[in-house]
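Here the structure is laid out as structure tokens; the discussion comes afterwards.
Each value in this text was obtained by applying a stated rule to the coordinates, not by laboratory testing. What you are looking at is a predicted structure, and each value in this text was computed from that prediction instead of being measured. Virtual Cβ from ideal backbone geometry, glycine too; neighbours counted across all protein chains shown.
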Ligand code: MRU
């Protein structure tokens, strides 16, 4: 996607330096800083500290991390045990996004087919870059399949603005291109459909107000940042036509883990008869589980992310303490929205209802047994 006229992705392999580079998302929207991922420790740090974040991007970063583990200084990449243990460290960096395990395992299994070191390095890089390209295409398809949902509402409103609420950042910064939740929005906008996006600020790290608002603004999409608690109120007053969110892991039966607060938006949408869609590539489905509340691991992060808030102060990025110094804080990073609250999924293979039967009819290759 374009940033000030320049094509950008959140992660890429720089041919000239032979280094994987990423936008450091911790400092957006105020500073655009690029970080080199020189070794596995850098990559794990980037994933844990959310230099890179969002499920598809975490998957792509893990995939490139396998290549990085092979070429890092003092590499022992020809040693299978060493490679597997570096991959296990990568997979442990964050627990909720399905894509991380998926991306690392896919490149690892390709790399292990090659005993010759140079062959292994090339195969790992090719496979990781294939994942990056596939995810970009998947998001484009999600945009194409999701746009008619917005178009239909636009027709019902005689071309009036379609108000879409989204939570967290499921945009291109979280993916490679287009985003998941934002892909139908960008596609609708690019096709001259009038859209307006309600952007949940998404405490504690404000991926909505920092990242989604930045992305939408750079693309020229009308948007308004709201507090996380405003959704119910604006839904009751007819100000939301549609909710679209992303997901970090979705079970084969359609339970959805996404950024904390998503569940409350789904409840409010249900109570107000507002369609609630989840956009995702197939790499985010966990085909082995059905019960999201019981089986999806929910990350708990550093309570300081709640205690301190970051922003721009006289040209400098600063963090300030909000609650009393001695107060405890608890930072549950994701929640699970049960399938019964989800109107449908928008995937790279089309749109389906949130039932195991309908998901399986789109993905018959994932049928058990
Ligand atoms: O903690 P984050 O910023 O990695 O959480 C991201 C989200 O919750 C996104 O909505 C999700 O990964 C979908 S990304 C297309």
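With a 10 Å Cβ neighbour count serving as the proxy for reagent exposure, in which order, fewest first, do 186, 308 appear? Don't jump to the answer; show the numbers that get you there.
On the way: 186 25, 308 16.
The order, fewest Cβ neighbours first, is 308, 186.
Counting every other Cβ atom within 10 Å of each residue's Cβ, 139, 87 order from fewest to most as 87, 139.
The ellipsoid that matches the Cα gyration tensor of segment 1-49 has semi-axes, each √(5λ) in whole angstrom, of 19, 15, 7, with the longest given first.
Summed over qualifying helices (DSSP H, 4 residues or more, each -39500 (n - 2.57)) and divided by its residue number, the chain shows a 222 nm mean residue ellipticity of -11500 deg cm²/dmol.
What angle do you read, to the nearest 10 degrees and between 0 and 90, between the alpha-carbon axis of helix 98-111 and the longest principal axis of the chain? Helix 98-111 sits at roughly 30 degrees to that axis. Computed over segment 254-369, the quotient of the alpha carbon radius of gyration and 2.2 N^0.38 Å is 1.38.
Calculated FRET efficiency, residue 239 and residue 363, Cβ-Cβ r, R0 30 Å, to nearest 0.05? About 0.30, to the nearest 0.05. Each listed q (0.11, 0.13, 0.21, 0.26 Å⁻¹) maps to a log10 I(q)/I(0) for segment 77-160 from the Debye sum over equal C-alpha point scatterers, namely -0.47, -0.57, -0.98, -1.20. On a 0 to 90° scale, report how tilted helix 262-271 is relative to the longest principal axis of the chain, with both axes built from alpha carbons and the result rounded to the nearest 10. The angle comes out near 30 degrees.
In whole Å, what is the distance between the alpha-carbon centres of segment 81-112 and segment 192-215? One Cα centre to the other: 31 Å. Helix 80-91 sits at what angle to the longest principal axis of the chain, using alpha carbons and giving 0 to 90 degrees rounded to 10? Tilt relative to the chain: about 20 degrees. When the Cα gyration tensor is reduced to axis lengths a ≥ b ≥ c, the ratio a/c is 1.5 or higher for segment 146-366, and with a/b not above b/c it is classed as oblate.
With both labels modelled 7 Å from their Cα along Cα-to-Cβ, the residue 45 to residue 314 distance reads 2.9 nm.
Evaluate Rg over Rh across segment 119-249, taking Cα atoms for both radii and Kirkwood's formula for Rh. Numbers along the way, then the final one.
Numbers: Rg = 16.1 Å, Rh = 15.3 Å.
We get a ratio of 1.05 for segment 119-249.
Can you give me the convex hull volume of the Cα atoms of the chain, divided per residue and expressed in Å³? Please list the in-between numbers first.
Numbers: hull volume 55.9 nm³, N = 369.
In the chain, the Cα hull volume divided by residue count equals 152 Å³.
When the chain is fully extended, how far beyond the present Cα-Cα distance does residue 273 get from residue 299, taking 0.36 nm per residue of separation? Mind showing how you got there, number by number?
On the way: separation 26, 0.36 × 26 = 9.36 nm, distance 3.05 nm.
This chain segment gains 6.3 nm when fully extended.
In this rough spin-label picture, where each label sits 7 Å from Cα along the Cβ direction, the residue 156-residue 27 distance is 4.5 nm. The shape of segment 2-134 can be summarised by an equivalent ellipsoid whose semi-axes, obtained from the alpha carbon gyration tensor, come to 24, 16, 13 Å from longest to shortest. Our note on the geometry: Cα centres of segment 28-67 and segment 133-171, 27 Å apart.
Antiparallel versus total DSSP beta bridges in the chain: what percent is that, nearest 5? The partial results should precede the final answer.
Numbers: 26 of 46 bridges.
In the chain, DSSP labels about 55 percent of beta bridges as antiparallel.
The label point for residue 230 and the one for residue 15, both projected 7 Å from the Cα toward the Cβ, are 4.5 nm apart. Counting other Cβ atoms within 10 Å as a rough exposure proxy, the listed residues 189, 285, 27 run 27, 189, 285 from fewest neighbours to most.
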